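Undergrad: Structure below; questions to follow.
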Amino acid sequence: MKVEFAPLNIPLARRLQTAAVLQFVLSFLLFAQVCLVIIVFLIIRNYWFLYLPYLTWLYFDWQTPEQGGRRSEWVRSWTIWRYFKDYFPIHLIKTWDLDPSHNYIFGFHPHGVLVVGAFGNFCTNYSDFKELFPGFTSYLHVLPYWFRCPLFREYLMSSGPVSVSKKSVSHVLSKEGGGNISVIVLGGAEESLDAHPGKFTLFIRQRKGFVKIALTHGAYLVPVFSFGENELFKQVSNPEGSWLRNVQEKLQKIMGFALPLFHARGIFQYSFGLMPYRKPIHTVVGRPIPVHQTLHPTSEQIEELHQTYMEELRKLFEEHKGKYGIPENKTLI
């Protein structure tokens with residue numbers, strides 16, 4: 001394999017962008033485990049004056065990720081997130097005005113490997129979200145697993161993510177006055193295993209829980225497609241039925257999250273590593289689908305709204321794919 005090294009005279013801004021993305025990647029690959037090791041170390045060494053107060057506080061704070069989280073505008077405004085956004089870069093595109101008197105569910109597609117577009121647009125103050133959607137507050141819902149990691153959960157919540165549990169989504173959508181947006185990556189961990197460049201496979205046909213909760217709360221549904229999300233990494237080939245895919249799916253059922261074997265570029269060379277490629281991400285927010293509140297929706301009502309949502313998502317993809325270099329013959333699967 002021929003290794004292509006980065007030039008030595010890289011501008012400072014690009015170095016800072018690389019450092020910011022490296023920090024993001026390592027946060028999800030290593031930081032949670034490091035935090036757990038720290039807690040175990042403190043317990044083994046019997047530093048009770050450090051771990052006991054924290055674990056006591058953790059016991060009383062356990063439900064916070066399901067009750068709107070604990071975001072910090074200071075953390076969301078760290079300069080590192082501006083460099084993170086500019087690395088790819090990440091763009092947010094609005095196609096329709098939203099009424100701030102309603103609450104909404106943004107269905108985010110596709111998952112990709114690390115959901116970079118969702119984090120960059122809805123968990124930092126350097127996207128155009130506040131300018132495009134004034135008066136709104138977004139909540140990115142992520143796997144509850146991440147909030148079970150001591151210390152790491154505090155870091156994660158500070159950027160704004162909350163749990164993706166039904167209780168958590170209901171908490172956001174039941175807030176009076178409107179102006180709240182639940183951002184849900186509907187394909188989930190299963191979809192990340194199909195996050196290959198040039199592929200547009202979505203796991204959504206059997207995902208109907210978000211439709212039921214939208215009907216229950218009268219939350220409008222909005223399809224969101226993030227063009228470029230699947231182009232950031234390459235994965236080891238894992239087609240359906242292969243031994244690798246079978247192992248990945250079994251581990252996902254056991255642990256609750258997937259383990260895609262991905263790679264991209266390195267820090268000082270462009271041939272191999274865990275750094276994502278510099279590929280632009282365009283997150284396009286589609287047309288809202290009005291939803292009439294139905295406290296006890298029937299299966300027929302859920303199915304009808306689900307079909308409407310999938311059709312709107314397909315229209316959004318077809319209308320915008322040409323703008324972002326996707327061939328005409330490519331379609332959603």
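Undergrad: Would you confirm whether any residue within segment 143-166 is touching a Phe, Trp or Tyr at 6+ places or on another chain (Cβ under 9 Å), buried (at least 19 other Cβ atoms within 10 Å of the Cβ), under 15 Å from N103 (Cα atoms) and touching a residue at least 12 places away in the same chain (Cβ under 8 Å)?
TA: The answer is no, given that none of the residues of segment 143-166 is touching a Phe, Trp or Tyr at 6+ places or on another chain (Cβ under 9 Å), buried (at least 19 other Cβ atoms within 10 Å of the Cβ), under 15 Å from N103 (Cα atoms) and touching a residue at least 12 places away in the same chain (Cβ under 8 Å).
Undergrad: Follow-up question, since we're still on this one. Against the definition (out of contact with any helix residue (DSSP H, G or I) (no Cβ under 8 Å at 6 or more places or on another chain), of a type in the set (F, W, Y) and without any contact (Cβ under 8 Å) to a residue 60 or more places away in the chain), how does W96 come out, yes or no?
TA: Taking the combined requirement at face value, the residue does not satisfy it.
Undergrad: Residues that are part of a strand (DSSP E or B) and either touching a residue at least 40 places away in the same chain (Cβ under 8 Å) or closer than 23 Å to E312 by Cα (or both): does segment 231-248 have at least one?
TA: Yes: one or more hits.
Undergrad: Separate question: Considering only segment 93-108, state which residues are assigned to a strand (DSSP E or B) and surrounded by fewer than 24 Cβ atoms within 10 Å (Cβ to Cβ).
TA: Answer for segment 93-108, where residues must be assigned to a strand (DSSP E or B) and surrounded by fewer than 24 Cβ atoms within 10 Å (Cβ to Cβ): I93, K94.
Undergrad: Something else: Quick one: in segment 94-114, which of the residues that are among the hydrophobic types (A, V, I, L, M, F, W, C) and in contact with a Leu (Cβ under 8 Å, 6 or more places away or on another chain) is farthest from L132 (Cα to Cα)?
TA: V113
Undergrad: Right, something else. Among the residues of segment 35-69, write down those that are in contact (Cβ under 8 Å) with a residue 24 or more places away in the chain, closer than 30 Å to V113 by Cα and either over 22 Å from the mean Cα position of the chain (by Cα) or part of a loop (DSSP other than H, G, I, E, B) (or both).
TA: The answer is L36, I38, I39, L58, Q67, G68, G69.
Undergrad: Here's something else I'd like to know. For residues in segment 123-139 being surrounded by fewer than 24 Cβ atoms within 10 Å (Cβ to Cβ) and not in a loop (DSSP other than H, G, I, E, B), which is nearest to the chain's Cα centre (by Cα)?
TA: S138
Undergrad: Quick one: in segment 297-332, which of the residues that are in contact (Cβ under 8 Å) with a residue 60 or more places away in the chain and part of a loop (DSSP other than H, G, I, E, B) is nearest to T216 (Cα to Cα)?
TA: P297
Undergrad: Answer with yes or no whether V183 is crowded, with 17+ Cβ neighbours inside 10 Å and farther than 22 Å from E312 by Cα.
TA: So V183 fails the test.
Undergrad: For residues in segment 203-246 being small (G, A, S) and more than 20 Å from D99 (Cβ to Cβ), which is most open to solvent (accessible area, probe 1.4 Å)?
TA: S237
The values are calculated or read from the model by the stated rules, or taken from the named source; none is laboratory data. For clarity, every value in this text was computed on a predicted model and none was experimentally measured. Neighbour counts are summed over all protein chains in view; Cβ atoms, including those assigned to glycine, are modelled from backbone coordinates with ideal geometry. What goes into the accessible areas is simple: the full protein's heavy atoms, side chains included, and nothing from ligands, DNA or RNA. Shrake-Rupley method; radii C 1.70, N 1.55, O 1.52, S 1.80 Å.
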